[in-house]
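The values are calculated or read from the model by the stated rules, or taken from the named source; none is laboratory data. For clarity, every value in this text was computed on a predicted model and none was experimentally measured. Glycine also receives a Cβ, built like all others from the backbone with ideal geometry; neighbour counts cover every protein chain displayed.
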Ligand SMILES: C[S@@+](CC[C@H](N)C(=O)[O-])C[C@H]1O[C@@H](n2cnc3c(N)ncnc32)[C@H](O)[C@@H]1O
């Protein structure tokens, strides 16, 4: 549906139209901010990395920036859980575990998903699609972004170990497991790809998740390795890697 793109059509309207039926949690101001950073960083070499794609909502905004600028592939790393990967914990909250190549990858074990959002936002996706990878692929294909957006089923560690040598990214968006240890690990793994001058962005920052806040505070703000550290929308935090 975004096959005919005019240079004078507002991107905000394009993103809104493209994402209106894609389940997910990124609000429009955040999607436009991600687009703007990806679109405005094309003077840097490198791709775009997303950790935590769900059904492709934020990936569409990033993919649109790659397509309109003609620069970079968007690598979307997610465990892409299927319905039967989810289980309920003793306290009524939910977590999931995905088995890949005989290895189990757990998520939301520490920062579990409360029952109400699970039933409201997650369960209905599995009524429409066999799994989130199917939902993601449908969204990317419908938006005509398959040449620009590439899903990777796994965690960031698995992605890093199979990434081509010398791969670099100009923008990374972290929106996976929200526990402190997971976010800290995702920052560490992302840093091996993030170019000097490149941007790292976080969803659910300084809103409701102590683990996300603590990891950003300690490993980004206080690290001395980043400048322009800024909360720019209600839950999106961005920082630019220093050049030296
Ligand atoms: C909040 S959702 C992402 C929402 C998406 N960015 C959007 O705009 O709607 C978080 C995603 O992170 C994924 N996830 C959680 N832990 C992960 C991990 N350790 N590795 C890869 N993906 C993970 C989940 O499968 C889920 O799709």
Mind telling me which of the residues 53, 12 ends up being crowded, with 24+ Cβ neighbours inside 10 Å and farther than 15 Å from residue 170 by Cβ?
53
Looking at segment 10-127, what helices (runs of 4 or more DSSP H) fall wholly within it and have at least 1 residues that are over 24 Å from residue 138 (Cα atoms) and away from the ligand (no atom under 13 Å from the Cβ)?
28-39
Can you name the condition, by its number, that residue 173 falls short on among (1) closer than 24 Å to residue 232 by Cα; (2) within 14 Å of the ligand (Cβ to nearest atom); (3) surrounded by fewer than 24 Cβ atoms within 10 Å (Cβ to Cβ)?
(3)
Suppose the filter is assigned to a strand (DSSP E or B), more than 10 Å from the ligand (Cβ to nearest atom) and more than 17 Å from residue 26 (Cβ to Cβ); does residue 198 pass it?
yes
Within segment 147-170, work out how many residues are away from the ligand (no atom under 12 Å from the Cβ) and touching a residue at least 12 places away in the same chain (Cβ under 8 Å).
9
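Here's the yes/no breakdown for (1) touching a strand residue (DSSP E or B) at 6+ places or on another chain (Cβ under 9 Å); (2) within 14 Å of residue 49 (Cβ to Cβ):
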| residue | (1), (2) |
| --- | --- |
| 114 | yes, no |
| 120 | no, no |
| 126 | yes, no |
| 142 | no, no |
| 145 | yes, no |
| 169 | yes, yes |
| 189 | yes, yes |
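Table: residues versus (1) surrounded by fewer than 13 Cβ atoms within 10 Å (Cβ to Cβ); (2) farther than 30 Å from residue 11 by Cβ.
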site: 69; (1), (2): no, no
site: 78; (1), (2): no, no
site: 86; (1), (2): no, yes
site: 90; (1), (2): yes, yes
site: 93; (1), (2): no, yes
site: 97; (1), (2): no, yes
site: 111; (1), (2): no, yes
site: 115; (1), (2): no, yes
site: 125; (1), (2): no, no
Does segment 174-193 contain any residue that is part of a loop (DSSP other than H, G, I, E, B) and more than 20 Å from residue 109 (Cβ to Cβ)?
yes
Criterion first (surrounded by 21 or more Cβ atoms within 10 Å (Cβ to Cβ), at pLDDT 95 or above and at positive phi) does residue 63 satisfy it?
no
What tally of residues in segment 130-146 results from selecting those that are farther than 21 Å from residue 17 by Cβ, in contact (Cβ under 8 Å) with a residue 40 or more places away in the chain and more than 16 Å from the chain's Cα centre (by Cα)?
2
Go through the residues of segment 211-221 one by one and say whether even a single one is part of a loop (DSSP other than H, G, I, E, B) and crowded, with 16+ Cβ neighbours inside 10 Å.
yes
Filtered residue count, segment 140-152, keeping only those that are more than 21 Å from residue 46 (Cβ to Cβ) and in contact with a helix residue (DSSP H, G or I) (Cβ under 6 Å, 6 or more places away or on another chain):
1
